[in-house]
Amino acid sequence: MNEANTEVEIDWGNLGFDYMDTHASFSALYANGAWGDGTLTEDPYLAIHEGSTSVHYAQQCFEGLKAYGSQDGRLLLFRPEKNWERMADTCERLMIPPVPRELFFEGITKCIQRNREFAPPYGSGASLYIRPFVVGIGRNLGLRPAPEFLFRVFVSPVGPYFKGGKQSPISLAVVDYDRSATRGTGHIKAGANYAGALLASATAREQGADEALFLDSQQNAYIDEAGSSNILIVTEDGLLVPKSPAILPSITKFAAMEIARSELGLKIDERPVHLRDEVASFIEVAAAGTAATLVPVGAIHVDGQKHTFYNGGTQAGPITEQLYEILAGIQRGDVEDKFGWIQPVDLD
Ligand code: PLP
Ligand code: COI
């Protein structure tokens, strides 16, 4: 942990997607049926009871959002309200008391204010990743909701999520593991979903891909999503968006769809997409997520076959590029935010 007021020197251009020690995190406790006041803490460790439900029964959840440095020196959050709403939905499904809106925003704001030097400047290509999360804590053994919960927020400056960098195409592989069941927890941001996907991602990487692509768990046919992002597809008819009850509703994807519709005039078709039957019609494929941003998918491996997209999968296609430029431009404050998506952080 950095001492308070220590100058930080960060090589903004060479950041990956890693945890960095900062000055402080935000922490609030739910006990006796109510959320208490939150405070900043310099301790990045959680001292929790060994019986905690988060440890045994994965009663925990998280969110991820970013703050972007703008040219005029502000720090801009992208649709943070949506993260709060999604965290509330997640909490409800996991029997976690929802984090009140004021507490969620206080946590984010105070954590950013305290760690302001860790916010990458405009033009660095990096951003400040914000990770709010809730864990069930307290003395327990049986399968029941925790008596107490901790809400924490930490931040970390980050660069590209995928190694190749911002706009290099990634590849995805369909492997023999499902991510989530139809009426399970795929649509919420439960850490358990990610634990179950680790082996799938590792298997995909062993096969030379960057990440796993999950198909629906009932028929093993329709595109669900990738390990850290939703999928967007460009066909001759416009933008094809895989619909599924088992995927995380991606805030990035919905923004890209809105841009495609209103700025690029594309027709949007959101429906179940049969990978094997329809892959030949895919012109461009992209993965959308906060960490991933909007990255081109150059290839999908399925059943031992490699399907490539725009220009043999060697570069981003024109629609993906335009969507990325507009979206990233809005996020950095370079492109007018017609949609009301940007919320500047109160830095005082
Ligand atoms: N799908 C999964 C499994 C994710 O982890 C994420 C990242 O949050 C997304 C999709 C993209 O969601 P968002 O764009 O809201 O970050
Ligand atoms: C995000 O994009 O914010 C996520 O939570 C994905 C995670 C796997 C890093």
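Right, residue 276: closer than 29 Å to residue 194 by Cβ, open to solvent by 10 Å² or more (accessible area, probe 1.4 Å), part of a helix (DSSP H, G or I) and of a type in the set (Lys, Arg) or not? Yes; evaluated as a whole, the condition is true for this residue. Listed by first and then second residue, the pairs with beta-carbon distance under 6 Å, at least 6 apart or on different chains, first residue in the stretch 39-63 and farther than 29 Å from residue 81 by Cβ and among the hydrophobic types (A, V, I, L, M, F, W, C), second away from ligand 2 (no atom under 16 Å from the Cβ) and assigned to a strand (DSSP E or B), are 48/137. Any residue at all in the stretch 235-244 that's in a strand (DSSP E or B), under 18 Å from the mean Cα position of the chain (by Cα) and of a type in the set (A, V, I, L, M, F, W, C)? Looking through the stretch 235-244, at least one residue is in a strand (DSSP E or B), under 18 Å from the mean Cα position of the chain (by Cα) and of a type in the set (A, V, I, L, M, F, W, C). Considering 319, 300, 342, the condition of being within 20 Å of the chain's Cα centre (by Cα), touching a residue at least 24 places away in the same chain (Cβ under 8 Å) and surrounded by 15 or more Cβ atoms within 10 Å (Cβ to Cβ) is satisfied by 342 alone. Please work out if residue 201 is in contact with a Gly (Cβ under 7 Å, 6 or more places away or on another chain), touching a residue at least 12 places away in the same chain (Cβ under 8 Å) and outside the structural domain of residue 36 (by TED's automatic domain parsing). Yes. Screening the stretch 41-80 for residues that are open to solvent by 60 Å² or more (accessible area, probe 1.4 Å) and of a type in the set (Phe, Trp, Tyr) and picking the one that is nearest to ligand 1 (Cβ to nearest atom) gives 57. As a summary of the residue check, residue 234 satisfies the conditions (1) open to solvent by 10 Å² or more (accessible area, probe 1.4 Å); (2) closer than 21 Å to residue 62 by Cβ except for the one numbered (2).
Residue 196 falls short of the stated requirement of being on the phi > 0 side of the Ramachandran plot and open to solvent by 10 Å² or more (accessible area, probe 1.4 Å).
The values are calculated or read from the model by the stated rules, or taken from the named source; none is laboratory data. Source: prediction; values computed, not measured. Positions of Cβ are generated from backbone atoms using ideal geometry, with glycine treated the same way; all protein chains shown enter the neighbour counts. These accessible areas exclude ligands, DNA and RNA; they are computed on the full protein's heavy atoms, side chains included. Shrake-Rupley method; radii C 1.70, N 1.55, O 1.52, S 1.80 Å.
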